[in-house]
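Below: one structure, written as structure tokens.
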Amino acid sequence: MAESNDSVSVDLGTIYLGGKEHRVKTACGVVSVIVYGDREKPALITYPDLALNHMSCFQGLFFCPEAASLLLHNFCIYHISPPGHELGAAPIYPTDSVPSADGLADQILEVLNFFGLGAVMCMGVTAGAYILTLFAMKHRERVLGLILISPLCKAPSWSEWFYNRVVSNLLYFYGMCGVVKEFLLQRYFSKEVRGNIEIPESDIAQACRRLLDERKSVNVMRFLDAIDRRPDISNGLKKLKCRTLIFIGDQSPFYSEAVHMAANLDRGYCALVEVQACGSMVTEEQPHAMLVPMEYFLMGYGLYRPSYFTESPRSPLSPCCISPELLSPESMGLKLKPIKTRVSTC
């Protein structure tokens, strides 16, 4: 583990479940990591979508009692923020080089090495899911499994590229203005959550809108630029042999991308769960829909909710002890591809 002078710990107990912030120096700059839980437990790494951090991307999931009992009991959580996306982040100097998607994936390796972590479980949303998938492809021995929400795997389509250019130009000239926030909310949420003339905007969307106000436009532009220049990794997905669980909302603009990714992964290691009446950010909009599939997924690693055992796991997860039957989608309780669920929000 790195020396203490390479890290600054800040007490965020009143903000996020008693977690500690560590600022880790990497080749791509300083990255903020919020650590919550017993460091002796297996590690779960999270990475959010564009313009988000752990508060705006994973709070809904971890504030659900059932999900918290499953994840916080079994894992120590390491919330990695994209550079400049952490709470209270200052603008990044324009002269600093813009990291590539490859650079951001390598940054995760530096974070794991800083904390002395071996193989980890990973959870990412959209752009964050792409970064974690790329990391798993480059460093297979460091990833035990992937939980991906509305993931990307192809290079940007013409329409996505155009959308990204519009957002980037608006950020450059007007900052985090109302139009940019509308674009981002469309990226994250279903129509029901965003509201309309007849239906008021939901509390989830309003909370996200307030958190977006804290983002510095130059920092969001840098992450957007990295994701906009991402390479297509579809051809390498078959070689990715870690178990993968994909969630996608049926109203997500990245629906076809998630289906394409599931089709290109080894079917013996992958399952796709479609969540009805939901946008891209299932973690916030319908976190309860994730619970049962995650329970079956984690059973393959010998992990259960607390009611099933009395002691917390303290040894690293070992995929070598998983029987081949547990790698099948049916063993996860996923008998259809995709499963369609309709669950009320948490």
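The values are calculated or read from the model by the stated rules, or taken from the named source; none is laboratory data. No experiment lies behind these values; they were computed from the predicted model shown. Backbone-built Cβ (ideal geometry, glycine too); neighbour counts: all protein chains shown. All accessible areas refer to the heavy atoms of the entire protein, side chains included, with ligands and DNA or RNA removed. Shrake-Rupley method; radii C 1.70, N 1.55, O 1.52, S 1.80 Å.
Which of the pairs LYS25/LYS138; LYS25/LYS239; LYS41/LYS216; LYS25/LYS238; LYS191/LYS241; LYS25/LYS241 have their Cα atoms more than 24 Å apart in this structure?
LYS25/LYS239; LYS41/LYS216; LYS25/LYS238; LYS191/LYS241; LYS25/LYS241
How much length, in nm to one decimal, is gained on full extension between SER234 and GLU141, taken as 0.36 nm per residue of separation minus their Cα-Cα distance?
31.5 nm
In debye, nearest 20, what is the charge dipole magnitude of segment 18-298 about its Cα centre with +1 on Lys and Arg Cβ and -1 on Asp and Glu Cβ, if you could check? List each step's numbers first, then the result.
On the way: 26 positive and 29 negative charges, 148 e Å.
With Lys and Arg at +1 and Asp and Glu at -1, about 720 debye.
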Which ³J(HN,Hα) values, rounded to whole Hz and listed in residue order, are derived for segment 90-100 from phi using the Karplus coefficients 6.51, -1.76 and 1.60 in 6.51 cos²θ - 1.76 cosθ + 1.60 with θ = phi - 60°, glycine and proline given as x? 8, x, 7, 4, x, 6, 5, 5, 8, x, 8
Just subtract the alpha-carbon distance of GLU192 and ASP225 from 0.36 nm times their residue separation and send over the number in nm, one decimal. 8.9 nm
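Calculated FRET efficiency, ASP250 and VAL35, Cβ-Cβ r, R0 41 Å, to nearest 0.05? Before the final figure, lay out the partial values.
Numbers: r = 34 Å, r/R0 = 0.83.
Computed FRET efficiency for ASP250 and VAL35 comes out at 0.75.
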Qualifying aspartates and glutamates (Cα of each under 16 Å from Cα of LYS20; at least 8 residues distant if same chain): ASP6, ASP11, ASP38, GLU40, GLU86
Portion, in percent, of the accessible area of segment 18-298 that falls on carbon or sulfur, probe 1.4 Å: 55 percent
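Taking 0.36 nm per residue of separation and subtracting the Cα-Cα distance, what length does fully extending ARG165 through ALA263 add? Could you put the intermediate results ahead of the total?
Values: separation 98, 0.36 × 98 = 35.28 nm, distance 2.89 nm.
Value of the extension gain: 32.4 nm.
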Mind giving me the nanometre distance, one decimal, between the label points for LEU109 and ASP96, set 7 Å out from Cα along Cα→Cβ? 2.1 nm
